[in-house]
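Step one of this worksheet: look at the structure below.
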Amino acid sequence: MSFTTPPRPVDVTALFPQLAPLARTATRLHPRPGSPTVHDSSVGGPLLWPADEPWPHCDERHDRHATREVHSPDDIRLFRHNRLVAAERQRRDPQAPEYTTEELVTAERLLAGSPWFDGPIAMLPVAQLYARDVPFPSPPGADLLQVLWCPFDHPGRPHPRTAVFWRSSSTVTDVLDAPPEPPVVQSAYYLPWPCLLSPEQVTEYPNPLELSEELQEQLADESRWETVDPARYDSYADDPEELYLTNLSTAPGWKTGGWTRWGVTDPVPRPCPECGTETVPLLTIGSSEWNSHSESWMPEEERARSTLLPLCTPRWNFTMIDIAGGRTLQLHVCPASPDHPHIALVQ
């Protein structure tokens, strides 16, 4: 189904006309659990991967000390399946057992972990986007973007190592039907739940720290917000500045394009590693679609019908991915040549 982002709580350009020229279009992907095929745009779904092209592996050293145990992808999938079954069982019958014996055995096996694996790690599919569904900057002739990652942290890089591939979908006639999987992953949060997408375009404005000093001061001036019913921002934030940051500037969750979401660091230059051109946001991988501070981004359809929300998805984390404790992993590309090396940014 399609999802609709509600109108913003405040028309920010009516209060601050200087923001209007800074508007950018972002495409919210709205990933929700499903059964994608190689012909779908998806998160964590199968890729339209040529049978005669080697599957990418990570040969870098992995940070063995970043976690106490590792898990097999199949154990993680079974554990998630059991959680869904248990939640549905309890919903239908509150007197039903919380867990069955078989479910407890699976949970114990997951807690115990699997043996560490030394050697090249097969990368996992993270996202596949068709240009017919989602607009994104791409090299000439490419209509398909594929993002994979190594499901391990690496020394000096506490997040998965990403790989970006561009291709023309029409040239893939023989599809790899059984890609290799890593024997273990470092975190269950690095194994995406397969999701279909419902792309929707929204308008974004820069993080306050990317605005001029004068405009930052205006945003902080509460007298500038006097025409706004205080209940409008009291519902979403403690003050107007927070309202702008969390509900009027950049959308949370998975998206393409738009503005960079800052939070861990102040804005810094992001030049292309190959030619020095300032890079632009390509794909934002979110740890949640919204949170308690940004509920205004919750789609109208799910706001009206809570039964649409999948079971067992904490913090509305439909993909089951978590980056550095609730952060985002943002991939930036060179607008002059998107096939130049990309930049990964955690914020």
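Worth pointing out:
- Efficiency of FRET between residue 18 and residue 344 - r from beta-carbon atoms, R0 22 angstrom, step 0.05: 0.10
- Taking all protein chains into account, the per residue accessible area for the chain stands at 47 Å² (1.4 Å probe).
- Distances between every pair of Cα atoms in region 159-260, grouped in 10 Å steps from 0 to the bin holding the largest one, split as 10, 26, 26, 17, 13, 7, 0 percent.
- Top of 183, 94, 199 by mean-square fluctuation, Gaussian network on the chain, Cα under 10 Å: 94
- Measuring nothing but protein heavy atoms, the accessible surface of region 115-220 at 1.4 Å probe radius is 52 percent carbon and sulfur.
- Protection proxy ranking, peptides 160-171, 326-337, average beta carbon neighbours within 10 Å, highest first: 326-337, 160-171
- Projected-area mean, region 94-152, by convex hull of Cα positions, square nanometres: 8.6 nm²
- Cα→Cβ-extended label distance, 7 Å offset, between residue 105 and residue 227, nm: 6.8 nm
- Sorting 267-274, 57-64 by their mean Cβ neighbour count within 10 Å, with the most densely packed peptide first, gives 57-64, 267-274.
- Distance histogram in 5 Å bins (all Cα pairs of region 1-151, percent per bin): 1, 7, 10, 12, 12, 13, 13, 11, 9, 6, 3, 1, 0
- FRET efficiency estimate (nearest 0.05) - Cβ-Cβ, residue 265 to residue 216, R0 22 angstrom: 0.85
- Shape call, the chain: gyration tensor on alpha carbons, a/c limit 1.5: oblate
- Relative to its residue count, region 47-117 spans a Cα convex hull of 147 Å³ per residue.
- Here the 3J(HN,Hα) profile of region 44-56, calculated from phi with Karplus coefficients 6.51, -1.76 and 1.60 at θ = phi - 60°, is x, x, x, 9, 7, 10, x, 5, 9, 10, x, 6, x Hz, Gly and Pro shown as x.
- Packing around the peptides 107-118, 79-90, taken as the average count of other Cβ atoms within 10 Å per residue, puts them in this order, highest first: 79-90, 107-118.
- Translational diffusion of region 200-307 was estimated from the Stokes-Einstein equation, with Rh taken as the Kirkwood radius over Cα pairs; at 37 °C and 0.692 mPa s the coefficient is 209 µm²/s.
- Helix-only [θ]222 nm of the chain, DSSP H runs n ≥ 4, -39500 (n - 2.57) each, per residue, nearest 500: -4500 deg cm²/dmol
- Computed about the Cα centre, the dipole magnitude for the chain is approximately 700 debye when only Lys and Arg (+1) and Asp and Glu (-1) carry charge, each at its Cβ.
- The P(r) of region 1-83 has a tail past 16 Å containing 78 percent of all C-alpha pairs.
- The residue list 198, 252, 237 was ranked by how far each Cα lies along the charge dipole of region 180-276 toward its positive end, using unit charges on Cβ atoms, and 198 comes out on top.
- The value of relative contact order for region 138-192, using C-alpha pairs under 8 Å at least six residues apart, is 37 percent.
- Cα→Cβ-extended label distance, 7 Å offset, between residue 171 and residue 92, nm: 4.9 nm
- In degrees, nearest ten, helix 101-112 long axis to first principal axis of the chain (Cα): 80 degrees
- FRET efficiency for the pair residue 116 and residue 57, taken as 1/(1 + (r/R0)^6) with r the Cβ-Cβ distance and R0 = 22 Å, rounds to 0.85.
The values are calculated or read from the model by the stated rules, or taken from the named source; none is laboratory data. Being a predicted model, the structure only gives us computed values, none of them experimental. As a convention, Cβ positions derive from the backbone with ideal geometry for all residues, glycine included, and neighbour counts pool all protein chains shown. Areas reflect the complete protein model, heavy atoms only, side chains present, ligands, DNA and RNA absent. Shrake-Rupley method; radii C 1.70, N 1.55, O 1.52, S 1.80 Å.
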